[in-house]
Amino acid sequence: MSNSQTETSVRATGGPSRILAAFKTHWDIIRASKSGTFGAMVILFFSIVAILAPVLAPHDPWENLMSETTGGFAMLLPPNAEFPLGTTTLGYDILSQLIIAMQNTMIIGLISGVISIVIGANIGLFAGYYGGRTDEILMRFTDIIYGMPFLPFIIVLISLFGRSKWFVILAIVLIIWRTSARVIRAQTLTIKQRQFIQAARARGCSSLRIIYRHIVPNIMPLLMLYTSFNIAWSVITEAGASFLGFGDPDQLTWGSMLYELWISGKSRVAWWWFLFPSLCIVLLVSSLVFVSRAYEEYANPRLKGR
């Protein structure tokens, strides 16, 4: 489907039918890739578990549990019938912590990813569409952000303002939008030269209407691609910051679970404590990358089969 056809079809629908049509379009894009389909199923599973986390967690994640098998505290027990994923040195159930941490990790990743793509997309759209001085100012600002080291900047910002979940999100958002801004600007420069944009100008459409009603629907696969990338980077960054001790101490995440393992000094003994949070991080990030790849193949069909 050409860009002009896509733009026309998007405008022709409205209300619930427009939402359903958009959902079907995106599902078809993901379903066309086997890895993308797998990634979407994993993300859906993690999302359901995250939503139902308080119900699904078998124990309080901060409860010092007793073991019926040993008759004492369930301290550093490997996976068994009573505790399927084992316990920590303080007798916490790792399965319960993993489920609650899944909710917090996905909330941080989703909020950071969505806000960053909104910022990056708008900077790219305005820079590409208006050009001239606007483009120069916005792109030089983007270059300045590119010059900032990613994780060190986040660690410094969290150290200055506190280890709150919201400061972690703010620190991630302030950096992660930069790549999407550049790519969307380049795409906007191309689209604004096309005939249906010229026709919209001739009809007297305002610049904002052209940007959000005519250009945005035609870069939607690109927006979804970088939304997935940004969420994946947000999850990795949060896990890295938490592992280094800069996460929110009141929020249980997969990164903070690994941090607690490290400071306990049992990283070489309690393999189960390390394995399951790490596996969840890898699986979620890989799934987001798989979905991103599906959108990348749609935006650039030459990538298929590589």
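What residue, of 94, 100, 158, 107, is surrounded by fewer than 17 Cβ atoms within 10 Å (Cβ to Cβ), in contact (Cβ under 8 Å) with a residue 12 or more places away in the chain and of a type in the set (Val, Ile, Thr)?
One residue alone meets the criteria, 107.
Please determine, by comparing only the residues of the stretch 244-258 that are modelled with pLDDT of 90 or more and not β-branched (Val, Ile, Thr), which one is surrounded by the fewest Cβ atoms within 10 Å (Cβ to Cβ).
258
Going by what's in this entry, would residue 275 be described as assigned to a helix (DSSP H, G or I), farther than 30 Å from residue 161 by Cα and not acidic (Asp, Glu)?
Yes, satisfied.
Of everything in the stretch 175-185, what is out of contact with any Leu (no Cβ under 9 Å at 6 or more places or on another chain) and touching a residue at least 60 places away in the same chain (Cβ under 8 Å)? Give them in sequence order.
Matches in the stretch 175-185: 176, 177.
Residues checked against (1) among the small types (Gly, Ala, Ser); (2) surrounded by 15 or more Cβ atoms within 10 Å (Cβ to Cβ); (3) more than 30 Å from residue 242 (Cβ to Cβ):
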position: 119; (1), (2), (3): no, yes, no
position: 131; (1), (2), (3): yes, no, yes
position: 137; (1), (2), (3): no, no, yes
position: 144; (1), (2), (3): no, no, no
position: 152; (1), (2), (3): no, no, no
position: 186; (1), (2), (3): yes, no, yes
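Need pairs with beta-carbon distance below 7 Å; first residue exposed (fewer than 15 other Cβ atoms within 10 Å of the Cβ) and within the stretch 191-216, second at pLDDT 90 or above; sequence gap 6+ or separate chains.
Partner pairs satisfying both residue conditions: 201/210; 207/129.
Count, please, the residues in the stretch 260-271 that happen to be in a helix (DSSP H, G or I) and either out of contact with any helix residue (DSSP H, G or I) (no Cβ under 9 Å at 6 or more places or on another chain) or surrounded by 21 or more Cβ atoms within 10 Å (Cβ to Cβ) (or both).
Total meeting the criteria: 3.
Just the residues that are surrounded by fewer than 22 Cβ atoms within 10 Å (Cβ to Cβ) and either part of a loop (DSSP other than H, G, I, E, B) or polar (S, T, N, Q) (or both), please, taken from the stretch 278-292.
Selection gives 278, 286, 292.
In the list 256, 264, which residue meets the criterion of being touching a residue at least 40 places away in the same chain (Cβ under 8 Å), closer than 16 Å to residue 100 by Cα and among the hydroxyl-bearing types (Ser, Thr, Tyr)?
256
Inside the stretch 1-86, counting only helices (runs of 4 or more DSSP H) that do not spill past its ends, which hold 3 or more residues that are at pLDDT 90 or above?
It comes to 34-51, 53-56.
Go through 211, 219 for me and flag whichever is farther than 25 Å from residue 284 by Cβ, part of a helix (DSSP H, G or I) and in contact with a Phe, Trp or Tyr (Cβ under 9 Å, 6 or more places away or on another chain).
211
Sort through 91, 72, 39 and tell me the only one that's on the phi > 0 side of the Ramachandran plot and not aliphatic (A, V, I, L, M).
91
Is there a residue in the stretch 61-72 that is within 24 Å of residue 103 (Cα to Cα), in contact (Cβ under 8 Å) with a residue 12 or more places away in the chain, surrounded by 18 or more Cβ atoms within 10 Å (Cβ to Cβ) and over 21 Å from the mean Cα position of the chain (by Cα)?
yes
Identify all residues within the stretch 87-110 that are part of a loop (DSSP other than H, G, I, E, B) and in contact with a Pro (Cβ under 8 Å, 6 or more places away or on another chain); write none if there are none.
Residue satisfying the conditions is 92 alone.
Looking at 163, 201, which is the one that is charged (D, E, K, R), modelled with pLDDT under 90 and over 25 Å from residue 112 (Cα atoms)?
201
Condition (residue is assigned to a helix (DSSP H, G or I) and aliphatic (A, V, I, L, M)) applied to the stretch 242-255: is it met by at least one residue?
no
The values are calculated or read from the model by the stated rules, or taken from the named source; none is laboratory data. Since the structure is predicted, the reported quantities are computational estimates derived from the model, not experimental observations. Methodologically, a virtual Cβ is constructed for each residue, glycine included, from the backbone with ideal geometry; neighbour enumeration extends over all protein chains shown.
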